[in-house]
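Peer 1: Quick one: the structure is below, and I'll ask about it shortly.
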Amino acid sequence: MHRSVLLNESISSLHIQPGGRYIDATAGEGGHLWAMLQKGAVVLAIDRDKNQIANLKSMYKDKKNVLFEHGNFADIKQIALEKGFTSVLGILFDLGLSNEQLQNRGIGLSYKKKDELLDMRLDESIDISARQLLNSLSEDQLYKIFAKNSEDLHSRQIAHAIIEERRKRPLEIVNELVSLIKKVVPDSPNGSIARIFQALRIEVNNELFNLESALKQSLSIVASGGRIVIISFHSLEDRIVKQFIKSNNLKQLSKVIVRAGRDHFSFERSAKLRVILV
């Protein structure tokens, strides 16, 4: 079974009531879903990655207390209404990528997978890949994406270097972008590499807009007294969650933010858990 980040903490925070209806908005490899079902929850499991939904359907084919839906959680209200999941007791959002997506999907999500194409699309319905953005946008457009989605201090220089490089040849694979960033940031490149890859993935998959939309819609499908549990992995996501709480005058279960410990993978250690009471 896949080990989910902050599994015990997030499941405890949902305060699951046996027979109660819940939504796992990012079902992924099923770690949180499995724990929810073990607690007796009736779950609507959503994921935008059709491969993961197909795997989960096979894994839980004998379970009667779970429904699956391939879809974007930006459409969570419509999906919930179609599946009869109104007035749910809780919704879980785990905003991280799964290890399977990073290691096996072959779409350039990890900067360590040097020979993979710079695609990054988590959903086949998305029209524009990362390499299309890199090879078509202007320097200013690339700079704005990098600065907004990564806040990397070298965003302007990296955007300029991309324009210069693609005059010779288009950027197609992971190693080409990694090598370019190393030339721009020779002293300590890994941080910038990780942030630029993050920025491209966020842009390709429209992640920040989707999160804002999903949180707003969640208020209309969670019952009074229910909970919205969010695991975020970088400051941009967490900022959206904090603003959502503030602008809707919502109560957070605890002012102390739960974080992943040192025993997690390096990419998981930035995880933060916030629990919203509706």
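Peer 1: About the Cα centre of the range 127-205, what is the dipole size in debye to 20, counting +1 per Lys and Arg Cβ and -1 per Asp and Glu Cβ, all else neutral?
Peer 2: Charge dipole, the range 127-205, about its Cα centre: 120 debye, nearest 20.
Peer 1: If I model a spin label at residue 115 and residue 179 as a point 7 Å from the Cα along the Cα→Cβ vector, what separation in nanometres do I get?
Peer 2: It is 1.5 nm.
Peer 1: Going by how many other beta carbons lie within 10 Å of each one, how would you line up 160, 154, fewest first?
Peer 2: Placing the least packed residue first, the sequence is 160, 154.
Peer 1: List the aspartates and glutamates whose Cα sits under 17 Å from the Cα of residue 114, skipping any in the same chain fewer than 8 residues away.
Peer 2: Residue 114 reaches 100, 172, 176.
Peer 1: Which whole-Hz couplings ³J(HN,Hα) result when phi for each residue of the range 61-78 is put into the Karplus expression 6.51 cos²θ - 1.76 cosθ + 1.60, θ = phi - 60°, listed in order with x for Gly and Pro?
Peer 2: These are the phi-based 3J(HN,Hα) values: 4, 9, 7, 9, 9, 9, 10, 10, 8, 7, x, 8, 5, 5, 10, 4, 5, 4 Hz.
Peer 1: Assigning unit charges at the beta carbon (Lys, Arg +1; Asp, Glu -1) and nothing else, what dipole magnitude in debye, to the nearest 20, does the chain show about its Cα centre?
Peer 2: Using only the charged Cβ atoms, the result is roughly 640 debye.
Peer 1: Further, regarding this structure: Pick out, from 247, 217, 230, the residue whose Cα sits farthest towards the positive end of the charge dipole of the range 207-256, with +1 on the Cβ of Lys and Arg and -1 on the Cβ of Asp and Glu.
Peer 2: Of the options given, the answer is 247.
Peer 1: Fewest Cβ neighbours within 10 Å first, please rank 26, 86 accordingly.
Peer 2: 86, 26
Peer 1: My understanding is that a pair violates if its Cα-Cα distance is over 25 Å; which of 112/183; 39/216; 50/77 do that in this structure?
Peer 2: Where the Cα-Cα span goes over 25 Å, the pairs concerned are 39/216.
Peer 1: How long are the semi-axes of the equivalent ellipsoid of the range 102-251, defined as square roots of 5 times the Cα gyration tensor eigenvalues? Whole Å, largest first.
Peer 2: Semi-axis lengths for the range 102-251 are 32, 16, 14 Å.
Peer 1: Restricting things to alpha carbons, tell me how big the chain is in terms of Rg and Dmax, in Å.
Peer 2: Just the Cα atoms of the chain yield Rg and Dmax of 19.3, 61 Å.
Peer 1: Would you work out the Kirkwood radius for the range 127-205? I mean one over the mean of 1/r across all pairs of different Cα atoms, in Å.
Peer 2: 12.2
Peer 1: Moving on to the next point. Using modelled backbone amide H atoms (1.01 Å from N, in-plane), which distant-in-sequence or interchain residues come within less than 5 Å of residue 67's amide H?
Peer 2: Residues meeting the criterion, in which the H sits 1.01 Å from N, are 43, 44, 45.
Peer 1: Sticking with this one: In debye to the nearest 20, how big a dipole does the range 37-95 give about its Cα centre with +1 on each Lys and Arg Cβ and -1 on each Asp and Glu Cβ?
Peer 2: For the range 37-95, the charge dipole is close to 220 debye.
Peer 1: For a quick check: sort 231, 245 by the number of other beta carbons within 10 angstrom, fewest at the front.
Peer 2: 245, 231
Where a number appears in this text, it was derived from the coordinates with a stated rule and is not lab data. Values in this document were obtained by computation on a predicted structure and should not be read as measured data. In this analysis, Cβ positions are derived from the backbone assuming ideal geometry, glycine residues included, and neighbour counts consider all displayed protein chains.
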